[in-house]
Structures are given as C-alpha cells and as structure tokens.
Amino acid sequence: MRRLAAGLALVKLAALTIVALPVQMLAVRGHPGLAKRLPVWWHRRALEALAVRIEVKGTPITDRPLLVTPNHSSWLDIPVIASLMPISFVAKAEVAEWPLFGLFAKLQRTVFVDRTRRTATGSAATELGTRLSEGDCMVLFPEGTSWRGDEVLPFRSALLGAARSAILHGGHERVWVQPMTIAYKRLGGLPIGRAERARVGWYGDTELSGHLWGIFLAGGLDVEVIWGEALPYDETTDRKKLAATLEAAVRRDLLAALRP
C-alpha cells in the first residue's frame, strides 16, 4: 500500500513539474517577479507530495542585503528552505551538470562556485555580491558539504567572503547574515535515531534516485526550521569570528530541536 501511495505522489510531483517548468523557463528571461515567486509555489507542492511537514520558529529579517547560513544534511534542505520565501542558493559548480536537478538549480537562479579554481571562486563571489546588493536573499551552506543532520560541521569562513563583496560592489555599509537551523525530527511518525539518519541525510556516495524514492516510501517527514538572530557584517568584521558565531548558534538550535 505504501508503494502505491509513493507512486501516486511521484506522479503528482511529475505533473506539477511538467506544468511549472516551461513557465519558469519563460519567467527567468523576462518576468523577474514571477521567477522569484513560482519556485516557492512549486517547492510547497513538492513537499506536500513528499508528505514533508515544516514547523517554523522565528522569522527572517526584512532588511537587505541578506545572506542566510543554514546547516546542510540533504537535498531536502533545498525544497524546505525554498518553500519559505523567494530565495536563491549558492552551490558547487558540478551541481549545474546534474540531470534535471542542475536545470532546477539554474531556474532557481543559483550562483555556482568552482572551488577548484581560485579565479572562478572570485568571480562567483562578485556575482553573489551583486545579487545581494540587488536585494536577493541568498542561501550559502557554510559547511561546504552535507552531513547526517544530527551534527554541525565546521563553518568555512572563506565562503562568507561574498558578503564582503556585496559591501564593496553594492555601496552598502553592511550585509546581514542570518543563521538557520534545519532539524529533521520524525520519519513516518517516529523519532529519527542515529541509525535512521542515513534515510534522511544525503551524503557520501548515496545514490540520489534511491534516496529520493526512500523519502517517498517513508510515510511522512517532520522538519523544524529555526531562524536565528541576524548579525551585521561590515568591513571591520572578522569573518572567522563571524563564522564561529554562526556555527555555534546553529549547533545550539539543532541540539535543542533534536533533544528528546
């Protein structure tokens, strides 16, 4: 019975995508307002199909420029965050080449960073700074990779350099950086223990298609999203100290959310 329900949910998601994809392709070429709003609608419908339920604590600040720094454990983080508000992401360059998901990322107006080439990284930081200066809310995963979801990896301070780029290229006195915590708490109605973390977290060499199907089969997933306190980042800010402060805030909120 669960396989049948999962199959029907997959069909529903495919139908939503067939409808929304060509509209978004047109929107990114000449309708910026729609290009920002349509992904929110699609991600909310996608989460409904996956039976993912979100509880949100706190709110994003309304000041701009705004860079959001969440923990990262799964591809699920993308629809969870993107369902909350118009937002774009920073991703590693190879994501752009992934089948279908690479196209989705491009249509979400993602900034791609090639971390193997220093000149490319600088160019991406400038692009991100420009987007922040234009008022786009951007999401950067400071851990630089995904993990199980019950721990927070060290935040890389170098990735916060884009915020400084926004100051230099946009004429802003400061950029706001707001931590976000994503806690996957229940799977199929049951608390997620350490042994089940691999069913939610997507990391290492886990195959994407199998992981996706596993979420469809799970029978529902409960997620808590916590917006932390936004911090100002100006030309005098020590980015290593800022990264450490953001990391500590996310770790504290994750441990609190997962506490039995």
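The values are calculated or read from the model by the stated rules, or taken from the named source; none is laboratory data. Computed from a predicted model, the values in this text were never measured in an experiment. With ideal geometry, Cβ positions are generated from the backbone for all residues, glycine too; neighbour counts draw on all protein chains shown.
Would you confirm whether or not the stretch 116-132 contains a residue that is surrounded by fewer than 20 Cβ atoms within 10 Å (Cβ to Cβ), under 21 Å from Val223 (Cα atoms) and modelled with pLDDT under 85? Scanning the stretch 116-132, I find no residue that is surrounded by fewer than 20 Cβ atoms within 10 Å (Cβ to Cβ), under 21 Å from Val223 (Cα atoms) and modelled with pLDDT under 85, so the answer is no. Against the test of being in contact with a His (Cβ under 7 Å, 6 or more places away or on another chain) and among the hydrophobic types (A, V, I, L, M, F, W, C), the options Ala82, Ala35 yield a single qualifying residue, Ala82. Across the stretch 237-260, the qualifying residues are those that are farther than 30 Å from Leu187 by Cα and of a type in the set (A, V, I, L, M, F, W, C), and the one among them that is surrounded by the fewest Cβ atoms within 10 Å (Cβ to Cβ) is Ala244. Pull up the stretch 76-101, narrow it to residues that are surrounded by fewer than 20 Cβ atoms within 10 Å (Cβ to Cβ), in a loop (DSSP other than H, G, I, E, B) and not aliphatic (A, V, I, L, M), then point me to the one that is modelled with the lowest pLDDT. Across the stretch 76-101, the extreme among qualifying residues is Pro99. Taking the numbered list (1) in a helix (DSSP H, G or I); (2) loosely packed, with under 14 Cβ neighbours inside 10 Å; (3) free of Cβ contacts under 8 Å to residues at least 12 places away in the same chain in turn, Glu48 passes all entries but (2). Taken over the stretch 175-201, the criterion of being surrounded by 15 or more Cβ atoms within 10 Å (Cβ to Cβ) and either polar (S, T, N, Q) or in a helix (DSSP H, G or I) (or both) is satisfied by Gln178, Thr181, Glu196, Arg197, Ala198, Arg199, Val200. In the stretch 210-236, of all residues being part of a loop (DSSP other than H, G, I, E, B) and in contact (Cβ under 8 Å) with a residue 24 or more places away in the chain, the one that is surrounded by the fewest Cβ atoms within 10 Å (Cβ to Cβ) corresponds to Glu235. Flag: Leu26 does not match the condition of being modelled with pLDDT of 90 or more, closer than 21 Å to Cys137 by Cα and part of a helix (DSSP H, G or I). If you filter the stretch 102-113 down to residues that are in a loop (DSSP other than H, G, I, E, B) and touching a residue at least 60 places away in the same chain (Cβ under 8 Å), you find that the one that is surrounded by the most Cβ atoms within 10 Å (Cβ to Cβ) is Gln108. When the test is whether a residue is free of Cβ contacts under 8 Å to residues at least 12 places away in the same chain and either surrounded by fewer than 17 Cβ atoms within 10 Å (Cβ to Cβ) or closer than 21 Å to Val139 by Cα (or both), Thr69 does not pass it.
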